[in-house]
Structure formats: structure tokens, C-alpha cells
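Undergrad: Sending over a structure as C-alpha cells; questions will come in a sec.
The values are calculated or read from the model by the stated rules, or taken from the named source; none is laboratory data. Note that the structure is predicted; figures quoted are calculated from it, not measured. As a convention, Cβ positions derive from the backbone with ideal geometry for all residues, glycine included, and neighbour counts pool all protein chains shown.
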Amino acid sequence: MVPNARLNCEVFTIPKFTVEKRDVQSFLDELRGFHAEFRHCFGRSEPRDNFFRYMVGQLSELERKSIEPMAMQVEGGNVRAMQRFITDVVWNEAQMLRTYHTLVQEDLGDPQGVLIFDETGFPKKGPESAGVARQYCGALGKVDNCQVGVFMAYASPQGYALLDKRLFIPEAWFTEAYQPRRSKCDFPTEVAFKTKPQLAGEMLQAVHQEDILPFKYVAADAIYGNSQELLDAVEQCVGVIYFVSVPSTTRCWLQPPQLNERTVKYRGNTRFQRLVPKTEKQPITIDQLAKSLNNFYWYKCKVSEGVKGPITYEFTKRQVTLSKKGLPDRTVWLIIKRTISENPVYSFYISNAPVSTRLATFVWLSGMRWPIEQCFEETKSELGLDHYEVRKYAAWNHHVLTCMLAHFFLWHLKIKLGEKSTTYYTIAA
């Protein structure tokens, strides 16, 4: 059920995704018009046709949406040709993303838009698929053999969509021992190891520099919120506000300490070293800070409407100076959420929002990860995001990109249909 705080908030509300079959009379014509936008991204007519067939298969009612059953289902489908299309054909992906983002802007764009970063796992049985390793897989809730994709989504008052993706490649894949596997998976020579936050920052900078889609907020969980790279990338986007989770062990000061400087000799060179004097208070963990606050400072807020009634938490906020290697770093808002119980469970977030920002805005932002989670659920359950049976690096990117486009196409139909649409809709080839 969609959380109440996400439906009744002070910034904007996000609609549910609902499209019904009987509302759409000429879906193939609509889909051909959508595909015409991407014709210039392929050099020949054959890949253009297979691009269309592939998406028809994804939007069909097939239970399994891997290449073979889709090729056998759609008119003109050929298994080998569609395999080559996904695995070996060169796509102008950069141009496809620019075109796609322009379409997203037309249907979903809003100056108050939110970029959301998260990851999802794809369980795999063998060791040969690009980037596969024993790592945490959210789909399974444990460490197992899988691939992991880092994604960027967009949410606005008009809806939500996946904007970009990166396949996370574990560092071991760049060792000499993995050279045969990299060759088998056709890794581009320019691909190098990057952390998940670095991949997120790369996508953020790309969409910012593209200057097609407006956004004001960035939301992410603790994997990304605990990263200097992502926060630095956001702060380079003037006027953009981040709201990210951080671990309870994060240290901070309520008041920034005064620093002393001293000169030190290092390998014959004189350097200046900054120190927090012993007379100054030392940083404390945000968990310690939360547990020290009087009940006076906590506000009860309903954030969900569950099956058994409203779900509420208590929130508070404080401006703090974060500690980095024992020295003061950036000054931010610390937002704390806790369960209402005898032994409350705490969650922590930081934001670079202006001093005047109200608590209600932070309460709203605390629930802003649900659109990307819905994207994962909808593209996996309806469009076969996790049904692929390809191993190469390019093939993973091609399959995931078509899933993103198919999901947005359904949002486009929903927007055209307006209030008439009430349930999911799929295309029968």
C-alpha cells in the first residue's frame, strides 16, 4: 500500500502506476511511434526491427521473457537474430539516453524532481556472466552468486522511471586471473573498477551536464550516503539538495570545534597540521546524540497507512558538523527517525538543505526511495528485467536499457489515459 506520507506531503505527491488493457485500442501503433524516436541510434534496419520485436516481447503476457520465448512469440522473430542484436550489435547508447531523457522530461519533468540511487541484484548460477561474484544480493536478502546493477531513478508529481544504470564490476574482475573472463564477456578497454557510489556520482554528473531533465533533490541509502564521492558530486550541482542515509557510527559535533595549527617536518618538508585541541569536546556518534535528546524535541508523524492502520514514527532534526578523520568536515542537517516503542530503533539521514527547511520536508524525503523500489518490482515482474540469459557486458546493458524504455512507455500510456487507467496492462504480440 502506498505510504500516506508520500501521498499527503508538503512538496508533491507521486501517482500510482496503473494501466488497463481495455483502455488501449491501438497499442502497436503507439509503440511504433515510440520506437521511431530511436531509429537514429541504429545503423541498419535489421537492428531497428529487432529492437521493436524485443520490446514487444517484453510487453507481452509471456511468463518467461528471455530471448528464445520472446523470439518465438513475436511476429517476424528469429532467435539467433535477436541474440546477435542484444549481444553483438553496436548501439549508440549515449544518443539513446539523451533521446530517452528528453521523452522523460516531456512526460515527467518537474523542477522539484527527485533523483534516487539504489541497486538491485540478479542471482546467477554460473561464474561466467560479466561482473558476477559472491556479493550481497538484495533480491535474495543474503550474500550469493549474483550480478549487481546500480540504478538512477526519477520521481515527480507525474510519475517515476529508471533513468540510467551501471553494472557493478567487483575489483577482483580487474585482476590478471580474471583476464580470460573479461575477454569472454567483451569488456570495453576503458572499463575500470569503480565503487557503487562512484558509479552513482558518474550518472548524477552525466544527467546534470546533459541539462535536459530538471531535478532539485537527490535521495539514497547508506551505501551512497556514507560516500564522499557522491556528496561531492551533488554539491557540484548548484541548488540541488541531498537527503541520504548514514550509519549510526557516524561522528559529529553539535558545535564545530576551534582548531589549532602546528608545523611538522616530513621528509625534509614543512607542513601545516590541523588539530582539535584536547580542551575541545570530541565528536560523538549520531546514535549517542539521538539517545541523549529529550522527548520534547521529537515529533510524531504518520508516514504509512498499513493494513492494520497508520504507521507512525518520531522525527527530530539538528544541525551538526560531521567528523572526518577526527577533524570537522561539512555542516549538515542530521535528521533522526525512531520507532515508537519502549526500545526504539533509530534511522539517520543527513542533508545539505537550507537552514530554513522544515521538518515536514525531511519526513517526506525519508520516504522517497519507494519509487525506485517500485521500478525494480515492476520491471522484474512485468517486463522481465531479471529474465535475461546473456553473459556479455554489452548484452546486460542492452537488455536493461530496453526494460527501462518499456517501463517508461507504459507510464507514457498511463499519462495519456489519465484517470481511466486502473490496473497493469501488457501487450500481446
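Undergrad: Mind checking which pairs have a first residue in region 7-36 that is assigned by TED's automatic domain parsing to the domain that holds G57 and a second that is at pLDDT below 75 and among the polar types (S, T, N, Q), Cβ under 6 Å, 6 or more apart or different chains?
TA: T18/S421; T18/T422; T18/T423; V19/S421; E20/S421; E20/T422; E20/T423; D23/S421
Undergrad: Same structure, new question: Scan region 381-416 residue by residue and report those that are more than 22 Å from L103 (Cα to Cα), in contact (Cβ under 8 Å) with a residue 12 or more places away in the chain and either under 16 Å from the mean Cα position of the chain (by Cα) or in a helix (DSSP H, G or I) (or both).
TA: Y393, A394, A395, W396, listed by residue number.
Undergrad: On to the next question. Out of all the residues in region 187-227, which are within 15 Å of A130 (Cα to Cα), modelled with pLDDT of 95 or more and of a type outside the set (A, V, I, L, M, F, W, C)?
TA: K194
Undergrad: Looking only at region 73-116, count how many residues are more than 22 Å from K414 (Cβ to Cβ) and touching a Gly at 6+ places or on another chain (Cβ under 9 Å).
TA: The number of residues fulfilling the criteria is 7.
Undergrad: Got at least one residue in region 188-197 being in the same structural domain as Y100 (by TED's automatic domain parsing), in contact (Cβ under 8 Å) with a residue 40 or more places away in the chain, more than 16 Å from the chain's Cα centre (by Cα) and loosely packed, with under 13 Cβ neighbours inside 10 Å?
TA: So far as region 188-197 goes, yes, one or more of its residues are in the same structural domain as Y100 (by TED's automatic domain parsing), in contact (Cβ under 8 Å) with a residue 40 or more places away in the chain, more than 16 Å from the chain's Cα centre (by Cα) and loosely packed, with under 13 Cβ neighbours inside 10 Å.
Undergrad: So, in region 325-361, exactly how many residues are surrounded by fewer than 17 Cβ atoms within 10 Å (Cβ to Cβ), in contact with a helix residue (DSSP H, G or I) (Cβ under 8 Å, 6 or more places away or on another chain) and over 15 Å from I241 (Cβ atoms)?
TA: Total meeting the criteria: 1.
Undergrad: Return the only residue of G131, G149, G239 being of a type outside the set (F, W, Y), loosely packed, with under 15 Cβ neighbours inside 10 Å and either outside any strand (DSSP E or B) or in contact (Cβ under 8 Å) with a residue 40 or more places away in the chain (or both).
TA: On the way: G131 fails: loosely packed, with under 15 Cβ neighbours inside 10 Å; G149 fails: loosely packed, with under 15 Cβ neighbours inside 10 Å.
Checking each option against the conditions leaves just G239.
Undergrad: Taking Q83, is it in a helix (DSSP H, G or I), out of contact with any Phe, Trp or Tyr (no Cβ under 8 Å at 6 or more places or on another chain) and more than 23 Å from R391 (Cα to Cα)? Reasoning before the result, please.
TA: Values: in a helix (DSSP H, G or I): yes; out of contact with any Phe, Trp or Tyr (no Cβ under 8 Å at 6 or more places or on another chain): yes; more than 23 Å from R391 (Cα to Cα): no.
In short, no.
Undergrad: Which one of D232, D211, D164 is out of contact with any Lys or Arg (no Cβ under 7 Å at 6 or more places or on another chain), charged (D, E, K, R) and not assigned by TED's automatic domain parsing to the domain that holds D118?
TA: On the way: D211 fails: not assigned by TED's automatic domain parsing to the domain that holds D118; D164 fails: not assigned by TED's automatic domain parsing to the domain that holds D118.
Among D232, D211, D164, only D232 is out of contact with any Lys or Arg (no Cβ under 7 Å at 6 or more places or on another chain), charged (D, E, K, R) and not assigned by TED's automatic domain parsing to the domain that holds D118.
Undergrad: In this structure, is A94 within 16 Å of T402 (Cα to Cα), outside any strand (DSSP E or B) and either small (G, A, S) or not assigned by TED's automatic domain parsing to the domain that holds P197 (or both)? Let's see the steps before the verdict.
TA: Numbers: within 16 Å of T402 (Cα to Cα): yes; outside any strand (DSSP E or B): yes; either small (G, A, S) or not assigned by TED's automatic domain parsing to the domain that holds P197 (or both): yes.
Criteria met by A94.
Residue by residue, here is whether (1) closer than 23 Å to P256 by Cα; (2) surrounded by 12 or more Cβ atoms within 10 Å (Cβ to Cβ); (3) modelled with pLDDT under 90 holds:
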site	(1), (2), (3)
K281	yes, no, yes
D287	yes, yes, no
K291	yes, yes, no
N295	no, no, no
Y299	no, yes, no
S304	no, yes, yes
Y313	no, yes, no
K317	yes, yes, no
L322	yes, yes, no
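Undergrad: Which of the residues that make up region 336-368 are part of a strand (DSSP E or B) and either under 21 Å from the mean Cα position of the chain (by Cα) or hydroxyl-bearing (S, T, Y) (or both)?
TA: Just the residues of region 336-368 that are part of a strand (DSSP E or B), to begin with: 336-339, 346-351.
T339, Y346, S347, F348, Y349, I350, S351 - these are the residues of region 336-368 that are part of a strand (DSSP E or B) and either under 21 Å from the mean Cα position of the chain (by Cα) or hydroxyl-bearing (S, T, Y) (or both).
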